[in-house]
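Take a look at the structure set out below.
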Amino acid sequence: MKQVELKYGFEALEPHIDELTMRTHYTKHHAAYTNNFNMALEKVPELSNKTVEEILADLPAIADTTLRTAIQNNGGGYYNHNLYFTVISPAGGGEPTGVLAKQIEKDFGSFSGFKEKIKSAAIARFGSGWAWLSTDSTGNLAVNSTPNQDNPLMERERKWIPILPIDVWEHAYYLKYKNLRPDYIEGFFQVIDWKEVARRYEIAITQ
Ligand code: MN3
């Protein structure tokens, strides 16, 4: 599996996300998750025809617990970062429009209600992890957070499709924001590509 190609330069999200953080995040952290995921996959030939989404939604099917953990951590890291780097853009920021905007109002009261909820989830995540906006196949939205490189695809009780991730590992923000995770989240909101998030929402609910 391959890292998503960036549609912008490493410096393009300045000043909200700095060039060195973007470069290190993509060429070191994301590259390592991708390489380690591919190495683990080579040892589980029965997964060779599956998509990353299918693999992460059925981790218990991997019998070897060491390989299962490797795929949970590195497959999660691979998937999460491909999504992260796809939903940010130098032309981002603002608020969504259309069907997604209407559903955000329905499920969270308002855009600012949604923003407060995901920001709280991101700030409350102890240690490393992610905050998420996800949809089910009928369009209901939910905000949650996960530890490490876990994600909503791994949820066993209900099928959630992530459409917006916020990486709150320190490697995503520490060089610029130091310990100030809330300031990074505000900066992240300035680069969210809502057109891409809305596109993913519409695909998820029409499948
Ligand atoms: Mn990261």
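The values are calculated or read from the model by the stated rules, or taken from the named source; none is laboratory data. Only a predicted model underlies this, so the values are computations on that prediction, with no experimental measurement involved. Positions of Cβ are generated from backbone atoms using ideal geometry, with glycine treated the same way; all protein chains shown enter the neighbour counts.
Give the range 120-142 a look and list any residue that's under 22 Å from Gly187 (Cα atoms) and buried (at least 20 other Cβ atoms within 10 Å of the Cβ), or say none. Correct list: Ala121, Ala122, Gly129, Trp130, Ala131, Trp132, Leu133, Ser134.
Just give me the residues in the range 185-198 being under 15 Å from the mean Cα position of the chain (by Cα) and in a helix (DSSP H, G or I), in sequence order.
Ile185, Phe188, Phe189, Trp194, Glu196, Val197, Ala198
Can you name the residue in the range 157-207 that is of a type in the set (Phe, Trp, Tyr) and touching a Pro at 6+ places or on another chain (Cβ under 7 Å) and, of all such residues, is surrounded by the most Cβ atoms within 10 Å (Cβ to Cβ)? So the residue we want is Trp160. With respect to Leu67, is the statement that it is farther than 27 Å from Lys7 by Cβ, surrounded by 13 or more Cβ atoms within 10 Å (Cβ to Cβ) and not acidic (Asp, Glu) true? Yes, satisfied.
Take Phe108 and decide whether it is more than 18 Å from the chain's Cα centre (by Cα), under 21 Å from Gln190 (Cβ atoms) and modelled with pLDDT of 95 or more. When the stated conditions are applied, Phe108 passes them.
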